[in-house]
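The values are calculated or read from the model by the stated rules, or taken from the named source; none is laboratory data. Given the structure is predicted, the values throughout are model-derived calculations rather than measurements. Glycine also receives a Cβ, built like all others from the backbone with ideal geometry; neighbour counts cover every protein chain displayed.
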Amino acid sequence: MEGTTAIAVGPPTRDHDSENFPVASLLLPRAARAKVLAFYGVVRTADDIADSASLTAEEKLRRLDALEATLDVTLADVGTDEARAMLSAFRQDATQRRYADWAELEAYCSRSAEPVGRMLLRLHGESAAAYRASDALCTALQILNHLQDLVPDRDTLDRIYLPEPWIALAGGESAFFATDNPRRRAVLDAALDRVEATLNVAAPLPRLLRSRLRHQSAVTLGLAWKLLGRLRAADPVHSRVALDRSDFASAFAALVFRPPSDAAVVRAQVARAKSSFARGMAVLKGERRRALFAVYGFCRAVDDIADAAMPLAEKRRFLAEWRGKLATPDCALSVELAWACREFALPVSECAAMIAGMETDAEGRVRLPDETALDLYCRRVAGSVGAMAVRIFGAPEAEGFGLALGRTFQLVNILRDAEEDAAIDRVYVPRSLLDRHGVATDDAAAIVAHPGFVACCEALARQALEGFAEADADLARHDSRALKPAKVMMWGYRRLLDRMLSRGFKAPRERARLTAAERFRMALVAMAPA
């Protein structure tokens, strides 16, 4: 490193032991560690140059050019190509302070972070089959660091990596960084959803590796999931969110276990969601439960995209990516979904239908012209789930039952969420029904406050009641034992509908919820023998 001393800004701001994630841990072979540390020394010098608050952009570029001229000597056969790629990212840091969209941020990460993984894979003689997962892990780590450092990056470098259109959804840059801005949380959560999706791609990495690098990758993945959870629970604008020694200790201790399978990754995600739908899934065992977890995880993922606080163009892009995943699975969740489709003959067209329904929601403003449009929407976002679920339950002949019950459940959702949906300019009560009851306004808030909206809700509630009655009758024609999960969910949804009917639909309406006792009852019924 002697050749870089005159180029460096000063002593390194960090060493390899103080980085957020393992750099050259003792899990790596001694010879490899020495080469990794040499690479790290060059990259740390370059990063410190790019992040210097005292150097001009021109001086940063001059020093980075000078550093690049030393690579063939300082690194020899260790990662010179990867270091050059990273230097191009550090040059970008010297001049670019804001980002236009998520794709631009990912492109930056492809040069600022992914080369580290590629260097490690090559150094350990690993196959190119691990590149995709390694790239995803490196990108996820980089974005987690950016979210950790939102405030210091802005305050010291006037640099913000979270794309400007995302920040605009919280009121703009000044408002985003204001202490008491409640809209910031939704934007941060949307960004963390994207990190979680990227970690889903990275999930198989330890299972793809054969060298000792697999141990370090497993620890790093575990720490990434922990930091993701910390950032979901805390606000990095209020104070820096970081891992502690206990996190590192538990990540290293987890090495006594085999790396989690794709099914385990999806199962953990479903558990974190804490959905009442999980009580219906609890009825199932073994591969049937695994398949339903995959379907639920997929539905949750695309629904989160549609509802996320991110620009419309980003929502369209990420939903389009999911269409691609249906054809070419590339992450733990899409691989599990593909397995479920094969194992239980689930039509991939039903997954595509769900995405089409979410594309409707993603547009932001939703108005349905008539009941035909309502039926189509319910068919896509709920009927698709019903059609897949009955196959997983072991009653494929009950597809009609699943489709009809899905529509009934969605009507209950629409009634329960009317105010929340109106707050984001979505109205699922069709215009034809609104007109029938004198609700002439097209303003979402005014629609749900209009006296005529009560009659609209009562009409949809009657349809839901009829749907439950038809489902009860239809159950007698099918395998009641196999459809027990559906019966558990029917009980919960019917309780919600009964609660709304007993309260009435006059504004203001309180959101109907199941009580703790009711949720416990569902769990008991789910666990009881059929």
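Okay, residues lined up against (1) of a type outside the set (F, W, Y); (2) under 30 Å from the mean Cα position of the chain (by Cα); (3) surrounded by fewer than 17 Cβ atoms within 10 Å (Cβ to Cβ); (4) not in a helix (DSSP H, G or I):
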| site | (1), (2), (3), (4) |
| --- | --- |
| H478 | yes, no, no, yes |
| A482 | yes, no, no, yes |
| M489 | yes, yes, no, no |
| F505 | no, no, no, yes |
| P508 | yes, no, yes, yes |
| A512 | yes, yes, no, yes |
| R521 | yes, no, no, no |
| P529 | yes, no, yes, yes |
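Please specify each residue of region 62-103 satisfying the condition of being of a type in the set (A, V, I, L, M, F, W, C), in a loop (DSSP other than H, G, I, E, B) and over 31 Å from the mean Cα position of the chain (by Cα). Hits for region 62-103 are A69, L75, A76, V78. Within region 439-452, residues that are under 15 Å from K506 (Cβ atoms) and in a loop (DSSP other than H, G, I, E, B) sit with their Cβ atoms under 7 Å from residues that are modelled with pLDDT of 95 or more and among the aromatic types (F, W, Y), at 6+ positions apart or across chains, in these pairs: V439/F453.
Would you confirm whether or not region 453-466 contains a residue that is touching a residue at least 60 places away in the same chain (Cβ under 8 Å) and out of contact with any helix residue (DSSP H, G or I) (no Cβ under 7 Å at 6 or more places or on another chain)? Looking for residues that are touching a residue at least 60 places away in the same chain (Cβ under 8 Å) and out of contact with any helix residue (DSSP H, G or I) (no Cβ under 7 Å at 6 or more places or on another chain), one finds none in region 453-466, hence no. Scan region 220-234 and report the pairs whose first residue is within 12 Å of V195 (Cβ to Cβ) and whose second residue is assigned to a helix (DSSP H, G or I) and among the small types (G, A, S), with Cβ atoms within less than 7 Å and a gap of 6+ or a chain change. Close Cβ pairs satisfying both conditions: A224/A140. In region 191-211, the qualifying residues are those that are part of a loop (DSSP other than H, G, I, E, B) and of a type outside the set (D, E, K, R), and the one that is nearest to K315 (Cα to Cα) is A203. Among the residues of region 405-430, those that are buried (at least 19 other Cβ atoms within 10 Å of the Cβ), assigned to a helix (DSSP H, G or I) and of a type outside the set (V, I, T) comprise L405, G406, R407, F409, Q410, L411, L415, R416, A418, D421, A422. Against the definition (farther than 21 Å from A526 by Cα, out of contact with any Phe, Trp or Tyr (no Cβ under 6 Å at 6 or more places or on another chain) and crowded, with 21+ Cβ neighbours inside 10 Å), how does D247 come out, yes or no? No: the conditions fail for D247.
Of note, M354 satisfies the criterion of being among the hydrophobic types (A, V, I, L, M, F, W, C), touching a Ser or Thr at 6+ places or on another chain (Cβ under 8 Å) and buried (at least 21 other Cβ atoms within 10 Å of the Cβ).
Looking only at residues of region 153-175 that are within 30 Å of D48 (Cβ to Cβ) and free of Cβ contacts under 8 Å to residues at least 12 places away in the same chain, we find that the one that is surrounded by the fewest Cβ atoms within 10 Å (Cβ to Cβ) is S174.
Based on this model, can you work out whether A473 counts as outside any helix (DSSP H, G or I) and within 23 Å of R391 (Cα to Cα)? For A473, the condition - outside any helix (DSSP H, G or I) and within 23 Å of R391 (Cα to Cα) - is not met. Only a single item in (1) in a helix (DSSP H, G or I); (2) assigned by TED's automatic domain parsing to the domain that holds G172; (3) at pLDDT 95 or above; (4) in contact with a helix residue (DSSP H, G or I) (Cβ under 7 Å, 6 or more places away or on another chain) is not met by A291, and it is number (2).
Pairs are defined by a Cβ separation below 7 Å, a sequence spacing of at least 6 or placement on different chains, a first member in region 71-89 that is at pLDDT 90 or above, and a second member that is acidic (D, E); the pairs so defined are T80/D72; R84/E68; L87/E68.
Screening Q216 with (1) of a type in the set (S, T, N, Q); (2) touching a Ser or Thr at 6+ places or on another chain (Cβ under 7 Å); (3) without any contact (Cβ under 8 Å) to a residue 12 or more places away in the chain gives one miss only, at (3).
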